[in-house]
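First the structure, in the form of structure tokens, and then the observations on it.
The values are calculated or read from the model by the stated rules, or taken from the named source; none is laboratory data. From a predicted model like this one, the values you see are computed outputs, not experimental measurements. Glycine also receives a Cβ, built like all others from the backbone with ideal geometry; neighbour counts cover every protein chain displayed.
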Amino acid sequence: MNDVFVGAFPIWVVVLDYILGAAMWTLVGRFGMSLFLREDSDFFFNKAFQWLTNPLLRLFAPITPSFLILRMHPLYVAWFIFMLRFYIIPLLFGYSVLGVLSFPLESEIARFIYDMGNLLTTRQ
């Protein structure tokens, strides 16, 4: 984990953000796959994403509008998790909202991509 986040946030806040971030991106992935696959597809990743996200979809079912088509439900729940991560958690703990890369999970991914890019460009 990035030392900047561990020092700035209590470790349980970082762990909570990682869990919520993984759930959010899994929901976005499920929505993306639903654009290309049927709901009853036997594709392994489709089944895994459904198994992982169905509990969240059931949890949010009471507040999910009935006019949304079924394929939009994962994206709607992902939006709620994004709002929780970006606005509610920083507000509750007194942290400022600094942008998308202020999220520990996304910052780690961006750093990894940047480091891989540097590694590939220095070898040429």
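The figures follow:
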quantity: Single unsatisfied condition, N54 versus (1) in a helix (DSSP H, G or I); (2) over 22 Å from E106 (Cβ atoms); (3) in contact (Cβ under 8 Å) with a residue 12 or more places away in the chain; calculated: (3)
quantity: Residue pairs meeting the criteria (Cβ under 8 Å; at least 6 apart or on separate chains; first without any contact (Cβ under 8 Å) to a residue 60 or more places away in the chain, in the stretch 65-76; second part of a helix (DSSP H, G or I) and among the polar types (S, T, N, Q)); calculated: R71/S34; P74/S34; P74/T53
quantity: Members of the stretch 29-61 found to be closer than 14 Å to Y76 by Cβ and buried (at least 18 other Cβ atoms within 10 Å of the Cβ), listed by number; calculated: R30, F31, S34, T53, L56
quantity: Hey, F67 buried (at least 17 other Cβ atoms within 10 Å of the Cβ) and within 18 Å of F31 (Cβ to Cβ) or not; calculated: no
quantity: Tabulated pairs, the stretch 21-44, first closer than 17 Å to F82 by Cα and without any contact (Cβ under 8 Å) to a residue 40 or more places away in the chain, second assigned to a loop (DSSP other than H, G, I, E, B) and aliphatic (A, V, I, L, M), C-beta under 7 angstrom, 6+ apart or interchain; calculated: none
quantity: Flag for F86 being modelled with pLDDT of 75 or more, of a type in the set (F, W, Y) and under 23 Å from I11 (Cα atoms); calculated: yes
quantity: The stretch 4-38 - residue that is under 17 Å from the mean Cα position of the chain (by Cα), modelled with pLDDT of 90 or more and among the aliphatic types (A, V, I, L, M) and, of those, farthest from R71 (Cα to Cα); calculated: I19
quantity: Which listed residue, of L119, L92, L105, is under 26 Å from V14 (Cβ atoms), at pLDDT below 80, among the hydrophobic types (A, V, I, L, M, F, W, C) and exposed (fewer than 10 other Cβ atoms within 10 Å of the Cβ); calculated: L119
